[in-house]
Amino acid sequence: MHDDDDEALAERWTQRQARLQTLLESHGAAGLDFRVDLGKGQFWWQDGAAQPVVVASTRVLSSYALSDRSVLMGWANRSLPPDATVPAVTGIPERIDDCDETDAWTWAMRVAEAVGCHFVYRAPNSQMWVFLGLWDVRAAAPGDEPFDPGSPWPYVALVLESLVAGVDEGRDVRTLARNYGRTFTDDHLRKGTTLEAPLTAIGERLAALGDAPSPDIRGELVALRDEVAYLDVD
């Protein structure tokens, strides 16, 4: 894409993002904390009592890894369920390396325009930026109850099972373990809930395996998997 095209793209989306800010301000949601439930495709800004103020539908567009400055498209992220992301866009590669922050925004805007989302929201954590497409942003209605974050343990168990399988196949899964662990510790959905502390603890232990001197971490992964199975018991 040419520079002129990128400039026009940025101008269009700058105007859209300004409209989003105005919308949030008009409903008293500017500066409020947010929550996102990718499993349900829901995004919301909430007040101090955890009541939704503004809600939207959402899907992942892309993510930007701060560590290696790479952009990964949502549909290429194997850690996400397919219905949590936008569909693949023809002509856009799954991964782009050596990107700066402006590049990351540009790729997110390209995808957003291709899939017709209304706004883009950048959800940052300590490891990456996740660019979310938003649709149908509106004030919360009286019947909109606080969203239930649900249990993370079935998903965590699947991740751990996949890592154990990877070791059994002879693969070095330490980098995956580190990245998944950081994802769990940075989980924004369950912040402030009773699930935050145990999920963070599991995430920290999983991330630490990424720095293990030996790739043979099967025993530790199995122990974590069994512990998560216990946590998942009602």
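Sorting 9-22, 202-215, 126-139 by their mean Cβ neighbour count within 10 Å, with the most densely packed peptide first, gives 126-139, 202-215, 9-22. Have a look at the DSSP beta bridges in segment 11-147 and tell me what percent are antiparallel, nearest 5. Expressed as a percentage, antiparallel bridges in segment 11-147 total about 95.
Diffusion coefficient of segment 106-234 by Stokes-Einstein, Kirkwood radius over Cα pairs, 10 °C, 1.306 mPa s: 95 µm²/s. Arg59 sits among other residues whose Cβ lies under 13 Å from its own Cβ, and their net charge, with Lys and Arg +1 and Asp and Glu -1, is -2.
Full extension of the segment from Thr14 to Asp144, taken as 0.36 nm per residue of separation minus the current Cα-Cα distance, would add 43.8 nm.
Express the relative contact order of segment 98-221 as a whole percentage, based on alpha carbon pairs under 8 Å and six or more residues apart in sequence. Could the numbers behind the result be given before it?
Values: 106 pairs, mean separation 23.9, N = 124.
For segment 98-221, the relative contact order is 19 percent.
In this rough spin-label picture, where each label sits 7 Å from Cα along the Cβ direction, the Glu101-Gln51 distance is 3.5 nm.
Assuming charge only on the beta carbon of Lys and Arg (+1) and of Asp and Glu (-1), the dipole of the chain about its Cα centre is about 300 debye to the nearest 20.
Considering all C-alpha pairs of the chain, those separated by over 25 Å amount to 47%.
Computed from the coordinates by the stated procedures, all read-outs in this text should not be read as laboratory data. Note that the structure is predicted; figures quoted are calculated from it, not measured. All Cβ positions, glycine included, derive from the backbone under ideal geometry; neighbour counts span all protein chains shown.
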